[in-house]
Amino acid sequence: MRTLIVIPCRDEARNLPDVVGELRSVRPEDDIAVVDDASRDGSAEVAARLGCDVVRLPLHLGYGAAVQAGIKLGQRGGYDVVVTFDGDGQHDPADVAPLVAAVAGGADLALGSRFQAPGAYQGGPLRIAGRRLFAALCGALTGLALDDPTSGLKALGPRAQALFASSRFPDRFPDADALVVAHRAGLLLTQRPARMRASRNVHSMHDGLRPFAYAANMVLSLLVAALGRARDLRE
Amino acid sequence: MPLRQQVVFLALTGLLLLVILELVRRRRLRVEYSWVWLASGASIVLLILRYDLLLALTETVGAVVPTSTLFFLCILFLAALCLDFSVRLTTLTRQVKDLAQELALLRHSRGEPAPPTALRAGEREHERGDDRFR
């Protein structure tokens, strides 16, 4: 399986050497593309020095659009699998293999789930509550039983790549809603254990009112994904 | 409606319509955006010349004074306009995103070194409020 690992990043110059180094030692065969979302700390230069493919967005577009740029790169490059992998050190490269295997085994999208892996980092009570809410909403709206729908660790087969590269991808808040869209578009989704770690970045979801704004946007985006016109999902 | 009021309002509306036409002529305003303004100007003219229409409308919607009907219509018009702008902004946002991605991918495929970060010092950045990158 030709695999492209996409690392969307914004201001991760400090973390990239470790993240990329660890990935290289575990997954020497895979290509690594760093999508730099207009970082201000020289992330792109660091990634280039590490020998990664670097796609540098000329404008700050946000996480979703950065991931999508990487997926577009993978899709055009004809990769069998595109893996999205966070640049802040919270994903374990050892968890990539089961996801790629799931796609090789016929799944369109394989999701890394911390709830399938005992001892994985769960985050604070707010995060846990948020994930429960999204998982419950996701399940109620579509019947999808995915217990970690906000996971950023995903493996995408060609059909999922095509869907996520299109305008049907919710590029603003691409978490549970993207999975709902994929499910409704008829893709086969599955999950595998992922031993998530704590992010190495100090600033996170816990700044001020951000988590609440995020949750509210996510709920709305989920509803839109679930209630959207079916014919917009097929093309 | 007194003749004096009619003349004043007609003159003002005529000026508004002229400004709109001039903006379109100088390509400062796109033709497809101008029709809303032209239509609103035309309806003002209509209501000035046919004040009885406004009175009938007031009767129909159940308002007490014609001024209320007029204000109500204005607010409705502005709300519709804002909604229309939001829809257009959504389209523009998607187009800018797609273009930025294409530019980045094109530069990548040509092996061009990416230029230094586009943001200049002191330039305010539009905050995307994106938690995954926080």
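A compact table of results
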| quantity | calculated |
| --- | --- |
| Selection from segment A:116-143 of residues that are charged (D, E, K, R) and in contact (Cβ under 8 Å) with a residue 40 or more places away in the chain | A:127 |
| Close pairs (6 angstrom Cβ cut-off, 6 or more residues apart or separate chains): at negative phi and surrounded by fewer than 18 Cβ atoms within 10 Å (Cβ to Cβ) in segment B:93-108, hydrophobic (A, V, I, L, M, F, W, C) and part of a helix (DSSP H, G or I) anywhere | none |
| Flag for residue A:28 being out of contact with any strand residue (DSSP E or B) (no Cβ under 7 Å at 6 or more places or on another chain) and within 7 Å of another protein chain (Cβ to nearest Cβ) | no |
| Subset of segment A:89-107 that is closer than 22 Å to residue A:16 by Cα and out of contact with any strand residue (DSSP E or B) (no Cβ under 8 Å at 6 or more places or on another chain) - its residue that is surrounded by the most Cβ atoms within 10 Å (Cβ to Cβ) | A:90 |
| Residues of segment A:45-71 satisfying the condition of being assigned to a helix (DSSP H, G or I) and either closer than 16 Å to residue A:32 by Cβ or among the aliphatic types (A, V, I, L, M) (or both) | A:45, A:46, A:47, A:48, A:49, A:65, A:66, A:67, A:69, A:70, A:71 |
| Residue ID - farthest from residue A:219 (Cα to Cα), chosen from residues in segment A:162-190 that are within 14 Å of chain B (Cβ to nearest Cβ) and not in a loop (DSSP other than H, G, I, E, B) | A:165 |
| Test: residue in segment A:108-131 that is under 16 Å from the mean Cα position of the chain (by Cα), within 18 Å of residue A:221 (Cα to Cα) and surrounded by fewer than 24 Cβ atoms within 10 Å (Cβ to Cβ) | yes |
| Residue check for residue A:180: buried (at least 21 other Cβ atoms within 10 Å of the Cβ), of a type in the set (Val, Ile, Thr) and modelled with pLDDT under 90 | yes |
| Residue match in segment A:65-72 (condition: closer than 15 Å to residue A:164 by Cβ, within 8 Å of another protein chain (Cβ to nearest Cβ) and basic (Lys, Arg)) | yes |
| Looking only at segment A:23-58, and only at residues there that are touching a residue at least 60 places away in the same chain (Cβ under 8 Å) and of a type in the set (A, V, I, L, M, F, W, C), the one that is farthest from residue A:9 (Cα to Cα) | A:26 |
| Given (1) within 11 Å of chain B (Cβ to nearest Cβ); (2) modelled with pLDDT of 90 or more, index of the condition residue A:193 fails | (1) |
| Residue check for residue A:96: of a type outside the set (Ser, Thr, Tyr) and under 13 Å from the mean Cα position of the chain (by Cα) | yes |
| Residue check for residue A:166: in contact (Cβ under 8 Å) with a residue 60 or more places away in the chain and out of contact with any strand residue (DSSP E or B) (no Cβ under 9 Å at 6 or more places or on another chain) | yes |
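The values are calculated or read from the model by the stated rules, or taken from the named source; none is laboratory data. Every value quoted in this text rests on a predicted model; they were computed, and no experiment measured them. With ideal geometry, Cβ positions are generated from the backbone for all residues, glycine too; neighbour counts draw on all protein chains shown.
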